[in-house]
Amino acid sequence: MLIKTSYRDVPTKANGRAGTIRIYIIEPNVPEYPEAKFPGCVVFSEIYQVTGPVERFGGNIASEGYIVALPSSFHEFEGPEAIPYDTEGTDRGNKYKVEKTVEAYDEDATLAIDLLASLPNCTGRIASTGMCLGGHLALRAAFDSRVLATFCYFATDVHSATLGKGQSDDTLIKIRNGDLSNKGEVTMVFGKQDTHVSRDGRSLIRDTLDEAGIAFTFLEVQAQHAFIRDESSKGRWDAALTRSLFGMMMELFTRAVARDLGPRVGGGGKIEHVC
(Lines give C-alpha, C1' and ligand atoms only; values in the text may rest on other atoms or scores of the structure.)
Protein backbone atom coordinates (compact mmCIF):
# COMPACT_ATOMS: atom_id res chain seq x y z
CA MET A 1 0.00 0.00 0.00
CA LEU A 2 1.34 3.43 -0.88
CA ILE A 3 1.91 5.87 1.98
CA LYS A 4 2.30 9.60 2.57
CA THR A 5 3.90 11.60 5.38
CA SER A 6 2.87 14.81 7.14
CA TYR A 7 3.04 16.24 10.64
CA ARG A 8 1.02 18.09 13.24
CA ASP A 9 2.37 20.53 15.85
CA VAL A 10 0.32 19.96 18.98
CA PRO A 11 0.29 22.16 22.13
CA THR A 12 1.64 20.65 25.36
CA LYS A 13 1.28 21.76 28.97
CA ALA A 14 2.88 19.09 31.18
CA ASN A 15 4.53 20.38 34.37
CA GLY A 16 2.75 23.71 33.86
CA ARG A 17 5.00 24.53 30.92
CA ALA A 18 3.42 25.45 27.59
CA GLY A 19 5.12 24.05 24.52
CA THR A 20 4.60 22.22 21.25
CA ILE A 21 5.26 18.65 20.22
CA ARG A 22 5.67 17.67 16.58
CA ILE A 23 3.91 14.40 15.78
CA TYR A 24 4.73 12.93 12.40
CA ILE A 25 1.94 11.09 10.59
CA ILE A 26 2.55 8.31 8.07
CA GLU A 27 -0.62 6.92 6.54
CA PRO A 28 -1.95 4.97 3.57
CA ASN A 29 -2.27 7.05 0.40
CA VAL A 30 -5.44 5.80 -1.28
CA PRO A 31 -7.13 8.84 -2.90
CA GLU A 32 -9.31 6.51 -4.94
CA TYR A 33 -11.00 5.47 -1.66
CA PRO A 34 -11.91 8.82 -0.06
CA GLU A 35 -13.96 7.24 2.73
CA ALA A 36 -11.41 4.61 3.73
CA LYS A 37 -10.75 4.24 7.47
CA PHE A 38 -7.73 2.67 9.12
CA PRO A 39 -6.66 1.73 12.65
CA GLY A 40 -3.93 3.81 14.27
CA CYS A 41 -0.54 3.03 15.74
CA VAL A 42 1.76 5.15 17.90
CA VAL A 43 5.46 4.50 17.30
CA PHE A 44 7.76 5.67 20.08
CA SER A 45 11.38 6.22 19.14
CA GLU A 46 14.74 5.65 20.74
CA ILE A 47 16.63 8.50 22.41
CA TYR A 48 17.45 9.87 18.94
CA GLN A 49 13.87 11.03 18.12
CA VAL A 50 12.39 10.18 14.71
CA THR A 51 15.41 8.97 12.76
CA GLY A 52 15.56 7.30 9.36
CA PRO A 53 15.27 3.77 10.82
CA VAL A 54 12.31 4.80 13.01
CA GLU A 55 10.57 6.50 10.08
CA ARG A 56 11.11 3.42 7.89
CA PHE A 57 9.74 1.21 10.66
CA GLY A 58 6.66 3.43 10.91
CA GLY A 59 6.32 3.46 7.13
CA ASN A 60 6.29 -0.32 7.02
CA ILE A 61 3.44 -0.36 9.53
CA ALA A 62 1.54 2.31 7.58
CA SER A 63 1.90 0.30 4.37
CA GLU A 64 0.07 -2.54 6.13
CA GLY A 65 -2.96 -0.25 6.46
CA TYR A 66 -2.40 1.82 9.62
CA ILE A 67 -2.22 5.53 10.37
CA VAL A 68 1.03 5.87 12.28
CA ALA A 69 1.84 8.68 14.71
CA LEU A 70 5.49 9.27 15.64
CA PRO A 71 5.96 11.79 18.46
CA SER A 72 9.20 13.76 18.80
CA SER A 73 10.03 12.91 22.38
CA PHE A 74 12.45 15.68 23.33
CA HIS A 75 10.49 18.73 22.21
CA GLU A 76 11.12 20.39 25.60
CA PHE A 77 14.83 20.61 24.82
CA GLU A 78 15.23 21.04 21.06
CA GLY A 79 13.47 20.85 17.71
CA PRO A 80 11.94 17.75 16.12
CA GLU A 81 14.97 16.89 13.99
CA ALA A 82 16.62 13.51 14.46
CA ILE A 83 19.55 13.35 16.87
CA PRO A 84 22.67 11.84 15.25
CA TYR A 85 23.72 8.27 15.98
CA ASP A 86 27.12 9.34 17.29
CA THR A 87 28.77 9.83 20.67
CA GLU A 88 27.57 13.40 21.08
CA GLY A 89 24.06 12.49 19.99
CA THR A 90 23.94 9.50 22.32
CA ASP A 91 25.11 11.62 25.25
CA ARG A 92 22.53 14.28 24.41
CA GLY A 93 19.69 11.79 24.13
CA ASN A 94 20.60 10.06 27.37
CA LYS A 95 20.78 13.45 29.10
CA TYR A 96 17.32 14.42 27.87
CA LYS A 97 15.92 11.01 28.80
CA VAL A 98 16.49 11.61 32.51
CA GLU A 99 15.69 15.34 32.44
CA LYS A 100 12.19 14.87 31.02
CA THR A 101 9.48 14.03 33.56
CA VAL A 102 7.36 10.90 33.42
CA GLU A 103 4.30 13.18 33.40
CA ALA A 104 5.59 14.79 30.20
CA TYR A 105 6.26 11.41 28.56
CA ASP A 106 2.72 10.35 29.43
CA GLU A 107 1.26 13.56 28.05
CA ASP A 108 3.05 12.97 24.75
CA ALA A 109 1.49 9.51 24.52
CA THR A 110 -1.97 10.83 25.29
CA LEU A 111 -1.63 13.60 22.70
CA ALA A 112 -0.52 11.14 20.02
CA ILE A 113 -3.46 8.83 20.79
CA ASP A 114 -5.85 11.81 20.89
CA LEU A 115 -4.57 12.95 17.51
CA LEU A 116 -5.07 9.55 15.90
CA ALA A 117 -8.54 9.20 17.41
CA SER A 118 -9.51 12.62 16.07
CA LEU A 119 -8.60 11.91 12.45
CA PRO A 120 -11.65 11.32 10.24
CA ASN A 121 -9.94 8.42 8.47
CA CYS A 122 -9.01 6.61 11.71
CA THR A 123 -11.26 3.97 13.21
CA GLY A 124 -10.21 4.93 16.73
CA ARG A 125 -8.69 1.50 17.34
CA ILE A 126 -5.08 2.07 18.37
CA ALA A 127 -1.87 0.03 18.77
CA SER A 128 1.46 1.10 20.24
CA THR A 129 5.03 0.03 19.64
CA GLY A 130 8.53 1.32 20.13
CA MET A 131 12.13 0.43 20.71
CA CYS A 132 14.60 1.11 23.55
CA LEU A 133 13.22 4.19 25.37
CA GLY A 134 10.27 3.93 23.01
CA GLY A 135 9.62 0.35 24.10
CA HIS A 136 9.09 1.58 27.65
CA LEU A 137 6.90 4.45 26.43
CA ALA A 138 4.83 2.03 24.33
CA LEU A 139 4.26 -0.08 27.45
CA ARG A 140 3.14 2.96 29.41
CA ALA A 141 0.83 3.93 26.53
CA ALA A 142 -0.89 0.59 27.09
CA PHE A 143 -2.33 2.00 30.34
CA ASP A 144 -4.66 4.00 28.07
CA SER A 145 -7.73 1.82 27.42
CA ARG A 146 -7.84 3.03 23.81
CA VAL A 147 -4.64 1.10 23.10
CA LEU A 148 -5.71 -2.41 22.17
CA ALA A 149 -2.32 -4.03 21.52
CA THR A 150 1.29 -3.20 22.33
CA PHE A 151 4.56 -4.59 20.97
CA CYS A 152 7.69 -3.47 22.82
CA TYR A 153 11.20 -3.96 21.47
CA PHE A 154 13.99 -4.12 24.11
CA ALA A 155 12.28 -1.68 26.47
CA THR A 156 14.80 0.02 28.73
CA ASP A 157 14.49 1.17 32.35
CA VAL A 158 11.33 -0.85 33.04
CA HIS A 159 13.07 -3.34 35.34
CA SER A 160 15.06 -0.63 37.12
CA ALA A 161 12.21 1.90 37.34
CA THR A 162 14.62 4.65 36.24
CA LEU A 163 12.67 6.40 33.47
CA GLY A 164 12.56 10.19 33.53
CA LYS A 165 13.54 12.95 35.93
CA GLY A 166 14.36 11.61 39.36
CA GLN A 167 14.84 8.16 37.78
CA SER A 168 11.96 6.69 39.80
CA ASP A 169 9.11 5.73 37.49
CA ASP A 170 6.02 3.74 38.47
CA THR A 171 5.53 1.46 35.46
CA LEU A 172 5.82 -1.85 37.31
CA ILE A 173 3.95 -0.42 40.29
CA LYS A 174 1.03 0.50 38.05
CA ILE A 175 1.02 -2.98 36.53
CA ARG A 176 0.98 -4.55 40.01
CA ASN A 177 -1.85 -2.20 40.99
CA GLY A 178 -3.99 -3.38 38.08
CA ASP A 179 -3.65 -0.40 35.73
CA LEU A 180 -2.94 -2.74 32.80
CA SER A 181 -5.54 -5.36 33.73
CA ASN A 182 -8.40 -6.05 31.31
CA LYS A 183 -6.79 -3.86 28.68
CA GLY A 184 -4.89 -4.60 25.48
CA GLU A 185 -2.61 -7.55 24.79
CA VAL A 186 1.11 -6.93 25.26
CA THR A 187 4.22 -8.45 23.67
CA MET A 188 7.67 -7.80 25.11
CA VAL A 189 10.80 -8.70 23.12
CA PHE A 190 14.32 -8.72 24.56
CA GLY A 191 17.67 -9.82 23.22
CA LYS A 192 19.44 -12.26 25.53
CA GLN A 193 22.71 -10.51 24.77
CA ASP A 194 21.27 -7.05 25.51
CA THR A 195 23.47 -5.47 28.18
CA HIS A 196 20.83 -2.83 28.96
CA VAL A 197 18.40 -5.32 30.55
CA SER A 198 19.85 -8.12 32.65
CA ARG A 199 18.48 -11.64 32.92
CA ASP A 200 17.10 -10.81 36.36
CA GLY A 201 15.58 -7.64 34.95
CA ARG A 202 13.84 -9.55 32.19
CA SER A 203 12.55 -12.07 34.71
CA LEU A 204 11.19 -9.26 36.90
CA ILE A 205 9.22 -7.79 34.00
CA ARG A 206 7.90 -11.18 32.90
CA ASP A 207 6.91 -12.19 36.45
CA THR A 208 5.21 -8.85 37.12
CA LEU A 209 3.06 -9.17 34.00
CA ASP A 210 2.28 -12.79 34.83
CA GLU A 211 1.30 -12.14 38.44
CA ALA A 212 -0.94 -9.27 37.33
CA GLY A 213 -2.82 -11.59 34.97
CA ILE A 214 -1.99 -9.60 31.85
CA ALA A 215 -2.55 -11.16 28.43
CA PHE A 216 1.03 -11.09 27.20
CA THR A 217 3.72 -12.78 25.16
CA PHE A 218 7.31 -12.61 26.34
CA LEU A 219 10.09 -13.29 23.87
CA GLU A 220 13.80 -13.66 24.60
CA VAL A 221 15.74 -13.92 21.35
CA GLN A 222 19.36 -14.39 20.37
CA ALA A 223 20.16 -10.73 19.76
CA GLN A 224 21.78 -7.64 21.19
CA HIS A 225 20.31 -4.24 21.96
CA ALA A 226 19.07 -2.21 18.95
CA PHE A 227 19.00 -5.31 16.74
CA ILE A 228 16.13 -3.93 14.62
CA ARG A 229 17.98 -0.70 13.73
CA ASP A 230 19.07 -0.88 10.10
CA GLU A 231 21.49 2.07 10.36
CA SER A 232 24.39 2.80 12.73
CA SER A 233 23.61 -0.33 14.75
CA LYS A 234 27.28 -1.00 15.55
CA GLY A 235 27.03 -4.41 13.94
CA ARG A 236 23.96 -5.47 15.93
CA TRP A 237 21.25 -5.32 13.21
CA ASP A 238 19.70 -8.71 12.50
CA ALA A 239 17.59 -8.27 9.36
CA ALA A 240 16.12 -11.78 9.33
CA LEU A 241 15.07 -11.66 12.98
CA THR A 242 13.66 -8.16 12.48
CA ARG A 243 11.47 -9.40 9.61
CA SER A 244 10.22 -12.34 11.65
CA LEU A 245 9.30 -10.19 14.63
CA PHE A 246 7.64 -7.60 12.41
CA GLY A 247 5.39 -10.39 11.17
CA MET A 248 4.55 -11.35 14.75
CA MET A 249 3.77 -7.74 15.56
CA MET A 250 1.46 -7.37 12.58
CA GLU A 251 -0.32 -10.63 13.49
CA LEU A 252 -1.04 -9.15 16.92
CA PHE A 253 -2.15 -5.81 15.51
CA THR A 254 -4.32 -7.42 12.84
CA ARG A 255 -5.99 -9.72 15.32
CA ALA A 256 -6.44 -7.29 18.21
CA VAL A 257 -6.64 -3.87 16.55
CA ALA A 258 -7.59 -4.05 12.89
CA ARG A 259 -10.37 -6.53 13.63
CA ASP A 260 -13.10 -5.73 16.13
CA LEU A 261 -13.62 -8.93 18.12
CA GLY A 262 -15.66 -7.24 20.86
CA PRO A 263 -14.67 -7.25 24.54
CA ARG A 264 -12.38 -9.97 25.90
CA VAL A 265 -14.20 -12.47 28.15
CA GLY A 266 -11.74 -14.62 30.09
CA GLY A 267 -8.73 -16.19 28.44
CA GLY A 268 -6.28 -13.64 29.83
CA GLY A 269 -2.89 -14.40 31.29
CA LYS A 270 0.49 -15.31 30.00
CA ILE A 271 1.12 -16.46 26.44
CA GLU A 272 4.81 -17.14 26.71
CA HIS A 273 7.26 -18.11 24.00
CA VAL A 274 10.93 -18.35 24.81
CA CYS A 275 13.30 -18.59 21.84
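In table form, for the structure just shown:
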{"item": "Student exercise, the chain dipole from Lys, Arg, Asp, Glu Cβ charges, in Debye to nearest 20", "result": "320"}
{"item": "Accessible-area value, Asp9, 1.4 Å probe, nucleic acids and ligands omitted, Å²", "result": "80"}
{"item": "Selection from Tyr48, Ile67, Pro80, by position along the positive dipole direction of the stretch 1-91 (Cβ)", "result": "Ile67"}
{"item": "Dmax and Rg, reported as Rg then Dmax, of the stretch 1-123 (C-alpha, Å)", "result": "14.9, 46"}
{"item": "The chain: DSSP helices with Cα axial extent of at least 20 Å and average Kyte-Doolittle hydropathy no lower than -0.5", "result": "102-118, 239-253"}
{"item": "Within-13-Å neighbourhood charge of Thr12 [Cβ basis; K, R +1; D, E -1]", "result": "-2"}
{"item": "For Lys165, residues with placed amide H under 5 Å, excluding near neighbours", "result": "Lys100, Thr101, Val102"}
{"item": "Rg to Rh, two decimals, where the chain supplies the alpha carbon set and Rh follows Kirkwood", "result": "0.93"}
{"item": "Other-chain or far-sequence residues with amide H under 5 Å of Phe216's (modelled H)", "result": "Val186, Gly269, Lys270, Ile271"}
{"item": "Volume in Å³ per residue [convex hull over Cα atoms, computed for the stretch 90-182]", "result": "99"}
{"item": "The chain: calculated mean residue ellipticity at 222 nm from DSSP helix runs of at least 4, using -39500 (n - 2.57)", "result": "-9500 deg cm²/dmol"}
{"item": "Once the Cα gyration tensor of the stretch 52-98 is diagonalised, semi-axes √(5λ) in Å", "result": "25, 12, 8"}
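The values are calculated or read from the model by the stated rules, or taken from the named source; none is laboratory data. Everything quoted here is computed from the prediction, not taken from an experiment. Cβ: placed from backbone, ideal geometry, glycine included. Neighbour counts: every protein chain shown. Heads up: the accessible areas ignore ligands, DNA and RNA and are worked out on the full protein's heavy atoms, side chains in. Shrake-Rupley method; radii C 1.70, N 1.55, O 1.52, S 1.80 Å.
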